[in-house]
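Just below is one structure, and these are the notes that go with it.
The values are calculated or read from the model by the stated rules, or taken from the named source; none is laboratory data. Predicted model only: the values in this text are computed from it and were never measured. Here the Cβ is made from the backbone with ideal geometry for all residues, glycine too, and neighbour counts use every protein chain on show. Please note that ligands, DNA and RNA were not included when accessible areas were found on the heavy atoms of the full protein model with its side chains. Shrake-Rupley method; radii C 1.70, N 1.55, O 1.52, S 1.80 Å.
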Amino acid sequence: MSGSTVHDLGSDGVAVDPVIVGFKAASLGRMIGAGLRVPDGFTIATRASVAHDGSMDDEIRAAIGRLEARAGRAVGSGAPPLLLAVRTSGPIAMPGAAATVLGVGATRASVVRLAEAAPRFAWDLWCRFLTTYAETVRDVHYTRLAKARDGVLAGRGQGQLGVDELVVLADALEDAITDVGPPLPTDAASQVLEAVHAAHRAYGSHGARYLRKRSGVPEDSGVAVTVQTMVFGSWDGSGVSGSGVARTRDPETGAKACSGAFSVGATGEIAAGSTPLATLRELDAALFSALLDAGAALERSTKDAAEIEFTVEDGALYVLETRPLPRSPAASVQIAVDLVSEGTITIPDALRRVEPAQLETLLRPVVRPGSHRRVVCKGLEASPGAATGRVVFDPEDAVSWNERNIPTVLVRVSTSQEGIQGMAAAVAVVTARGGHTSHAAVAARQMGKPCVVGCSDIQIDYSRELFYAGDSVVRKGDWLTVDGSSGEVLEGQVETSSPRVDTGALNTLLRWADSVARLKVRVNADNGADARKGREFGAAGVGLCRTEHMFFQPEALRAVRRMILANDARARQRALSELLPVQRRMFTDLFRAMAGEPVTIRLLDPPLQEFLPVRDEDISAVSQDLGVRTELLQARMEQLAEANPLLGHRGVRVGLTDPEVYRTQVRAIFEAACALQAEGVAVHPEVMIPLVSMTSEIERARAEVVEVAEAVMAEFRVRVTYAVGTMIEVPRACLIAADLAACADFFSF
């Protein structure tokens with residue numbers, strides 16, 4: 001049998017190999033293997049489409065004969081009639097690639113006979129067959145078919161036509177077919193052969209080649225054709241008939257509860273007049289029980305939650321198709337954990353089934369399912385989570401409103417380091433420009449704030465403090481909800497729900513992950529609150545604390561600017577003395593939150609120019625605040641301007657030319673560490689020197705760090721275990737890493 005071109009469904013092992021029989025038949029074979037009732041049929045193997053020489057015609061005729069023998073009646077006869085569905089499928093599922101012809105085997109004569117018992121059913125079936133046959137097999141142009149249909153439908157659906165009108169529609173469709181080709185064959189085998197040959201011709205079409213290329217399917221993979229007996233949920237017999245979709249678990253929560261929809265008296269029209277699946281239990285409890293058994297069998301077979309398409313024909317349940325259940329991130333976690341507890345899969349299987357991106361979504365607030373959503377604009381989902389706030393356009397407004405406990409959404413054309421303080425104060429960020437690597441996207445992800453970037457349809461008017469989005473006008477102070485997971489910006493205060501990580505399936509999954517982890521994960525945190533949140537999520541320390549983010553606190557930023565504008569060492573030191581207690585306080589909070597876990601602290605990294613204003617109005621305001629002439633501030637800005645800020649005067653180079661900056665930061669680190677150590681709180685600081693590209697740089701900078709650290713520990717009479725290292729981030733550092741290692745206790749990459 002394995003050397004044949006035609007395979008009866010479920011006949012042997014080859015019938016579940018998608019490379020040979022296609023994705024559709026392989027899925028049907030697995031369902032048959034699980035003991036489910038599947039409409040009988042056969043498959044023409046993929047290799048037949050590659051050869052496309054008609055050599056399988058006799059095998060197809062023989063397969064139809066075997067099918068009729070198993071059914072005990074001929075194709076085209078019976079009530080309900082024995083008719084066939086012809087479907088194509090490749091070796092993998094490719095949306096848009098399948099073609100289907102329903103009702104194969106019907107003839108005008110058989111439909112007239114059937115109409116004596118079921119007139120509406122018969123003529124509706126005939127019209128649907130003619131439509132799909134014309135489109136898929138005979139390639140009748142859609143305009144010709146549309147003209148034939150529109151003349152009868154007159155804007156109505158086919159289901160709204162009376163029997164006489166269906167007869168008129170059938171006549172029009174038959175004329176459309178015979179106008180461009182021969183009449184329809186009057187025997188089932190010829191109709192099937194025509195459908196199979198059409199599928200093989202379509203395999204070589206431009207559209208099919210494009211789909212294969214897009215899906216990564218080899219050009220010579222072939223397409224299989226599956227022929228199955230049809231079952232009719234629209235048959236009016238003594239038992240229940242209808243079609244439905246069943247889900248073995250809840251797609252939103254993952255709870256083990258069968259749900260779905262059922263349409264009484266419908267064939268494949270699940271959405272039309274559907275009711276909750278419980279309707280089937282009320283109509284026929286035994287049928288509903290059989291459906292539950294089918295779902296359980298599929299879960300055992302596929303080792304996963306399933307979505308099932310089924311039809312009930314006159315009281316008999318048939319499973320037509322199954323696929324993995326589409327599910328929310330929360331449901332993915334719940335289902336994976338439940339399947340382990342039920343003994344269906346192992347813990348490693350469960351860990352592999354949940355994607356890291358799904359976990360990130362779960363750890364952020366989300367828009368509550370079912371909430372009313374009016375989308376104002378849409379962009380790229382730059383940072384997940386959801387938050388609601390009042391619109392502001394100026395970062396300083398975000399800061400001042402935050403001080404009054406008013407949540408804000410910062411809306412900008414784009415963001416820069418200058419506006420980082422406003423981003424930190426806002427609950428969410430929206431930009432008109434930018435992509436996933438823009439400043440707004442990167443900074444928001446680091447801060448854990450919802451962010452949508454690249455909203456190209458909005459027009460921002462800073463002077464009038466509003467933006468246009470289509471027909472909407474959003475003004476300063478209006479409420480918006482930002483859904484960073486979908487990229488949608490929603491009107492008003494849409495309800496959100498916070499994550500729960502301390503209980504339930506997610507906690508179980510994370511514990512399993514910890515038990516098998518070979519790597520430890522640290523959190524990026526610039527303050528105690530972020531560090532504490534990281535500990536809640538199981539972080540093994542802080543991997544990166546960006547000290548420059550501490551500089552954007554109002555009092556710290558003023559001190560930094562005074563330091564930059566100082567014209568002598570004494571004035572510079574005076575400004576830094578104002579910065580020292582601010583950083584010491586923040587380091588204390590960070591160390592206390594980590595409670596003994598290592599904390600890697602990067603000394604000042606960005607160029608000094610990033611702490612000075614850019615816009616003219618900001619330059620004037622800063623000049624007044626610092627009590628310096630505007631000309632002096634502008635002159636200093638020109639002096640600090642960088643052609644290439646990444647490779648210019650920044651990082652360790654600032655630490656060497658202005659050693660007071662790094663010495664002040666190191667003193668703040670160790671004063672905080674020593675004070676906590678004296679209280680009995682374990683502290684393990686790791687001081688990172690950024691942007692090193694020469695061994696002399698790290699040698700000199702390390703000596704400064706050690707000198708200050710030892711001096712502070714001597715003052716406090718406390719010993720703190722610490723490390724001094726660097727970040728490998730420029731090409732030269734990679735090339736001389738072996739030399740740098742002689743001066744570094746650790747590398748970060």
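If the condition is being open to solvent by 90 Å² or more (accessible area, probe 1.4 Å) and not polar (S, T, N, Q), then region 144-160 contributes Arg144, Lys147, Asp150. Taking the criterion of being open to solvent by less than 10 Å² (accessible area, probe 1.4 Å), outside any loop (DSSP other than H, G, I, E, B) and in contact (Cβ under 8 Å) with a residue 60 or more places away in the chain, the residues of region 412-457 that qualify are Ile420, Ala441, Ala444, Cys451, Val452, Val453.
The residues listed here are Thr132, Thr136; of these, the one that is polar (S, T, N, Q), touching a residue at least 60 places away in the same chain (Cβ under 8 Å) and either within 17 Å of Gly78 (Cβ to Cβ) or in contact with a strand residue (DSSP E or B) (Cβ under 9 Å, 6 or more places away or on another chain) (or both) is Thr136. Does Ala316 fit the bill of being farther than 26 Å from Gly484 by Cβ and either of a type in the set (S, T, N, Q) or surrounded by 22 or more Cβ atoms within 10 Å (Cβ to Cβ) (or both)? Criteria not met by Ala316.
May I ask you to say which residue of Thr600, Thr588 is polar (S, T, N, Q), modelled with pLDDT of 85 or more and within 37 Å of the chain's Cα centre (by Cα)? Among Thr600, Thr588, only Thr600 is polar (S, T, N, Q), modelled with pLDDT of 85 or more and within 37 Å of the chain's Cα centre (by Cα). Can you find a residue that is buried (at least 18 other Cβ atoms within 10 Å of the Cβ), of a type in the set (S, T, N, Q) and not in a helix (DSSP H, G or I) anywhere in region 549-557? Checked region 549-557: at least one residue is buried (at least 18 other Cβ atoms within 10 Å of the Cβ), of a type in the set (S, T, N, Q) and not in a helix (DSSP H, G or I). Number of residues in region 631-682 that are modelled with pLDDT under 85, open to solvent by 30 Å² or more (accessible area, probe 1.4 Å) and in contact with a helix residue (DSSP H, G or I) (Cβ under 8 Å, 6 or more places away or on another chain) equals 8. Restricting attention to region 374-383, the residues that are open to solvent by less than 90 Å² (accessible area, probe 1.4 Å) and of a type in the set (D, E, K, R) add up to 1. Scanning region 683-698 for residues that are among the small types (Gly, Ala, Ser) and either in contact with a helix residue (DSSP H, G or I) (Cβ under 8 Å, 6 or more places away or on another chain) or within 18 Å of Leu604 (Cα to Cα) (or both) returns a single hit, Ser693. Among the criteria (1) in a helix (DSSP H, G or I); (2) surrounded by 15 or more Cβ atoms within 10 Å (Cβ to Cβ); (3) not aromatic (Phe, Trp, Tyr), the one Pro91 does not fulfil is (1).
For Val494, state whether it is more than 23 Å from Glu381 (Cα to Cα) and not in a strand (DSSP E or B). No; evaluated as a whole, the condition is false for this residue.
When region 163-180 is filtered for residues that are loosely packed, with under 13 Cβ neighbours inside 10 Å and either among the aromatic types (Phe, Trp, Tyr) or touching a residue at least 40 places away in the same chain (Cβ under 8 Å) (or both), only Val180 remains. Restricting attention to region 196-229, the residues being at pLDDT below 90 and within 30 Å of Glu68 (Cα to Cα) number 11. Across region 470-491, the qualifying residues are those that are farther than 16 Å from Ala428 by Cβ and either part of a strand (DSSP E or B) or free of Cβ contacts under 8 Å to residues at least 12 places away in the same chain (or both), and the one among them that is least open to solvent (accessible area, probe 1.4 Å) is Ser472. Is region 107-123 home to any residue that is in contact with a helix residue (DSSP H, G or I) (Cβ under 6 Å, 6 or more places away or on another chain) and touching a residue at least 60 places away in the same chain (Cβ under 8 Å)? No; the residues of region 107-123 include none that is in contact with a helix residue (DSSP H, G or I) (Cβ under 6 Å, 6 or more places away or on another chain) and touching a residue at least 60 places away in the same chain (Cβ under 8 Å). Checked against the criterion of being over 14 Å from Arg602 (Cα atoms), in contact with an Asp or Glu (Cβ under 8 Å, 6 or more places away or on another chain), open to solvent by 70 Å² or more (accessible area, probe 1.4 Å) and hydrophobic (A, V, I, L, M, F, W, C), region 716-727 contains one or more residues that satisfy it.
Applying a threshold of 6 Å to beta carbon distances and a minimum spacing of six or more residues, or different chains, the list of pairs starting in region 519-530 at a residue that is more than 15 Å from Pro598 (Cβ to Cβ) and ending at one that is not in a strand (DSSP E or B) reads Asp526/His549; Gly528/Asp589; Gly528/Leu590; Gly528/Ala593. The set of residues from region 603-630 being of a type in the set (Asp, Glu) and either open to solvent by less than 20 Å² (accessible area, probe 1.4 Å) or within 36 Å of the chain's Cα centre (by Cα) (or both) comprises Asp605, Glu610.
Out of region 235-261, which residues are crowded, with 18+ Cβ neighbours inside 10 Å, at pLDDT 90 or above and of a type in the set (A, V, I, L, M, F, W, C)? Selection gives Val245, Ala246.
Scanning region 409-436 for residues that are of a type in the set (D, E, K, R) and touching a strand residue (DSSP E or B) at 6+ places or on another chain (Cβ under 8 Å) yields Arg412, Arg433.
Note on region 323-373: residues that are modelled with pLDDT under 85, surrounded by 13 or more Cβ atoms within 10 Å (Cβ to Cβ) and assigned to a helix (DSSP H, G or I) amount to 7.
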